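Q: Submitted below is the structure of interest, expressed as structure tokens.
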Amino acid sequence: QQQVKQSPQSLIVQKGGISIINCAYENTAFDYFPWYQQFPGKGPALLIAIRPDVSEKKEGRFTISFNKSAKQFSLHIMDSQPGDSATYFCAAIPTQGGSEKLVFGKGTKLTVNP
Amino acid sequence: EPEVTQTPSHQVTQMGQEVILRCVPISNHLYFYWYRQILGQKVEFLVSFYNNEISEKSEIFDDQFSVERPDGSNFTLKIRSTKLEDSAMYFCASSVWASGALFTDTQYFGPGTRLTVL
């Protein structure tokens, strides 16, 4: 119930391509969904986040698509660049319950080839 | 840009020994967190801390773990008697505010301390 399932585990994309990472959850109390980006030797850094009252949020080349009925959300990286090569984590928080606990997916290692 | 810092970057200890992992959160932040990531697994929440007390903890955070804010800048995680399964990357995070229905503040993560228990 507290899990967030993330796929794929790893992804290789050519420069200029679209990277798509998918996450699914079961706990309907989750109501805030951030994506974190982590470079080697660094901690996770917030990339973009969405609440379930919208179906899509776009910031630059990064877009979150959210399907509340399917309890799924995904990150799309348009025009992927070698500098986007990192590990990406989806996460969720049940904020209505007053929790501050981020529940993370297992992560996706993205490699963008030049 | 302000950052969360953590020391040491790598700690090696013998099983049964006590370790203290140190974090300096961003200076105007009020909420502090510890997470851990066992190699190859997901990042897991351990504990959150506000106003000098634990506000939430996971089932992982048992009596072997404790947290403290000994002064105005440091936030520490102590493991009293380390086990082999405590080997992991430990991340400290901080935020200005906690999560709420209308506003959820970003948790800023430090670079982590890799703990190796032999």
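The values are calculated or read from the model by the stated rules, or taken from the named source; none is laboratory data. Treat the numbers as computed from the prediction; the structure is a model and nothing was measured. For neighbour counting, all protein chains shown are included, and Cβ atoms are generated from backbone atoms with ideal geometry for every residue, glycine included. What goes into the accessible areas is simple: the full protein's heavy atoms, side chains included, and nothing from ligands, DNA or RNA. Shrake-Rupley method; radii C 1.70, N 1.55, O 1.52, S 1.80 Å.
Q: Exactly one condition in (1) under 23 Å from A:G107 (Cβ atoms); (2) modelled with pLDDT of 95 or more; (3) open to solvent by less than 20 Å² (accessible area, probe 1.4 Å); (4) more than 9 Å from chain A (Cβ to nearest Cβ) is false for B:T116; which is it?
A: (3)
Q: Mind telling me which of the residues A:V54, A:V103 ends up being more than 8 Å from every other protein chain (Cβ to nearest Cβ), among the aliphatic types (A, V, I, L, M) and under 19 Å from A:A24 (Cβ atoms)?
A: On the way: A:V103 fails: more than 8 Å from every other protein chain (Cβ to nearest Cβ).
None of the other options fit; the residue is A:V54.
Q: Please tell me if A:T108 is within 14 Å of chain B (Cβ to nearest Cβ), within 13 Å of the chain's Cα centre (by Cα) and modelled with pLDDT of 95 or more.
A: Numbers: within 14 Å of chain B (Cβ to nearest Cβ): yes; within 13 Å of the chain's Cα centre (by Cα): yes; modelled with pLDDT of 95 or more: yes.
So A:T108 passes the test.
Q: Are any of the residues in segment A:4-24 open to solvent by less than 40 Å² (accessible area, probe 1.4 Å) and either charged (D, E, K, R) or within 11 Å of chain B (Cβ to nearest Cβ) (or both)? Please lay out each step first, then the result.
A: So in segment A:4-24, the residues open to solvent by less than 40 Å² (accessible area, probe 1.4 Å) come out as A:4, A:6, A:11, A:13, A:17, A:19, A:21, A:23-24.
Cutting the leftovers down to either charged (D, E, K, R) or within 11 Å of chain B (Cβ to nearest Cβ) (or both) gives us A:4, A:6.
Yes, segment A:4-24 contains a residue that is open to solvent by less than 40 Å² (accessible area, probe 1.4 Å) and either charged (D, E, K, R) or within 11 Å of chain B (Cβ to nearest Cβ) (or both).
Q: Take the residues in segment A:80-94 that are in contact (Cβ under 8 Å) with a residue 60 or more places away in the chain and in contact with a Gly (Cβ under 6 Å, 6 or more places away or on another chain), then tell me which one is nearest to A:I50 (Cα to Cα). Spell out how you get there, then give the answer.
A: Here is the first cut: in segment A:80-94, the ones in contact (Cβ under 8 Å) with a residue 60 or more places away in the chain are A:80-82, A:84, A:88-94.
With in contact with a Gly (Cβ under 6 Å, 6 or more places away or on another chain) added as a condition, the list becomes A:80, A:89-90.
Values: A:S80: 21, A:F89: 14, A:C90: 11 Å.
Going through the qualifying residues, I end up with A:C90.
Q: A follow-up question, please. Which is aromatic (F, W, Y), more than 14 Å from every other protein chain (Cβ to nearest Cβ) and open to solvent by less than 10 Å² (accessible area, probe 1.4 Å), of A:F33, A:F73? First the steps, then the outcome.
A: Numbers: A:F33 fails: more than 14 Å from every other protein chain (Cβ to nearest Cβ).
Answer to the check: A:F73.
Q: With (1) of a type outside the set (D, E); (2) over 14 Å from the mean Cα position of the chain (by Cα); (3) within 15 Å of A:S99 (Cβ to Cβ) as the list, and B:N28 as the residue in question, which single condition is left unmet?
A: (3)
Q: Could you identify the single residue in B:V96, B:V12 that is open to solvent by 70 Å² or more (accessible area, probe 1.4 Å) and more than 11 Å from chain A (Cβ to nearest Cβ)?
A: Details: B:V96 fails: open to solvent by 70 Å² or more (accessible area, probe 1.4 Å).
Answer to the check: B:V12.
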